[in-house]
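Working notes for the structure below.
Just so it is clear, none of the values below were taken in a lab; they were calculated from the coordinates. Being a predicted model, the structure only gives us computed values, none of them experimental. Note that each Cβ is placed from the backbone with ideal geometry, even for glycine, and that neighbours are counted across all protein chains shown.
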Amino acid sequence: MGPGGAAGPDGAAVLERLLAARPPRVRSAGVTALRRAGRHGDAEPFLADRSAVVRACARYVLRQGGVDPLPLYRELCAAPATHPAAAAGLGECGDRATDAGALWALVEHPVPAVRLHAITGLHALDVVVRERLTPLLDDPSPAVVRAATRALLPEAAGIPEHLLRERSAPERPRAVRVAADRLLRAAGRHRRPEPGYR
């Protein structure tokens, strides 16, 4: 591929390999190269990529082609199980007043990946509500628990300490215990030693 983008079948083949690569940085390079190849519209499927950097590149390429990605995200979020990461993308470029409600609704979706990306989207949109997100610390999916923890870290001091102490008990799932301990530390509280600890 030269400076003008994908030239001929060889260049197109290289571009397709980049777009199909597993490492996000390689995929993002491929998505960005779509602009040079004049294939702006081919970036659309990457709006819902699992990687934030790839999603950002897709939005950039589409905008360079005169397409606003926000309405596309809203459409994708109407079928969240098919495009789970679209919820994260909506939070990355959405409007607080318009899109927060849709993301909160997706937090209750039965598919864990949708809940995970909805939490990420709420965090990106800066509309985290501590009381509404704290119950996700008990989610059966460890990935969702981790996402909720990351979103709640700035709010850790406002979470009732007894709720976190209960979740740090030995019988709780490991992801829940780790989350509780992270939030206790973020709030400046030290975990009490477990019975028998020396």
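Where nothing but the Cβ of Lys and Arg (+1) and of Asp and Glu (-1) is charged, how large is the charge dipole of the stretch 128-191 around its Cα centre, in debye to the nearest 20? All intermediate terms of the calculation are to be shown ahead of the outcome.
Values: 13 positive and 8 negative charges, 50 e Å.
It comes to approximately 240 debye.
Provide the three semi-axes, in whole Å and in decreasing order, of the ellipsoid equivalent to the stretch 128-191 as defined by the square roots of 5 times the Cα gyration tensor eigenvalues.
Numbers: eigenvalues 45, 41, 17 Å².
Over the Cα atoms of the stretch 128-191, the ellipsoid semi-axes are 15, 14, 9 Å.
Each Lys and Arg contributes +1 and each Asp and Glu -1, all at the Cβ; summed about the Cα centre of the chain, the dipole is approximately 800 debye.
Between Arg189 and Asp138, what is the FRET efficiency for a Förster distance of 25 Å, r being their Cβ-Cβ separation, to the nearest 0.05?
Values: r = 19 Å, r/R0 = 0.78.
Rounded to the nearest 0.05, the efficiency is 0.80.
So which trypsin sites (Lys or Arg not before Pro) in the stretch 1-95 are both in a DSSP loop and have at most 15 other Cβ atoms within 10 Å of their Cβ?
Numbers: sites: Arg17, Arg25, Arg27, Arg35, Arg36, Arg39, Arg50, Arg55, Arg59, Arg63, Arg74; in loops: Arg39, Arg50.
Passing sites in the stretch 1-95 are Arg50.
Potential lengthening of the chain between Val26 and Glu108 amounts to 26.2 nm, from the contour at 0.36 nm per residue minus the alpha-carbon distance.
With the helix formula -39500 (n - 2.57) applied to DSSP H stretches of n ≥ 4, the chain reaches a computed 222 nm mean residue ellipticity of -17000 deg cm²/dmol. Shown in residue order for the stretch 163-178 are the 3J(HN,Hα) couplings computed by the Karplus curve 6.51 cos²θ - 1.76 cosθ + 1.60 at θ = phi - 60°: 5, 6, 4, 4, 7, 8, 5, x, 7, 6, x, 4, 4, 5, 4, 4 Hz (x for Gly and Pro).
Across the options Leu90, Leu116, Leu137, the greatest Cα extent toward the positive end of the charge dipole of the chain (unit charges at beta carbon of Lys, Arg, Asp, Glu) belongs to Leu137. Split the chain at each of the GluC sites (Glu not before Pro) in a DSSP loop with at most 15 other beta carbon atoms within 10 Å, and the longest piece is 1-107. A P(r) calculated from all alpha carbon pairs of the chain, with 10 Å bins opening at zero, reads 9, 30, 27, 19, 11, 4, 1 percent.
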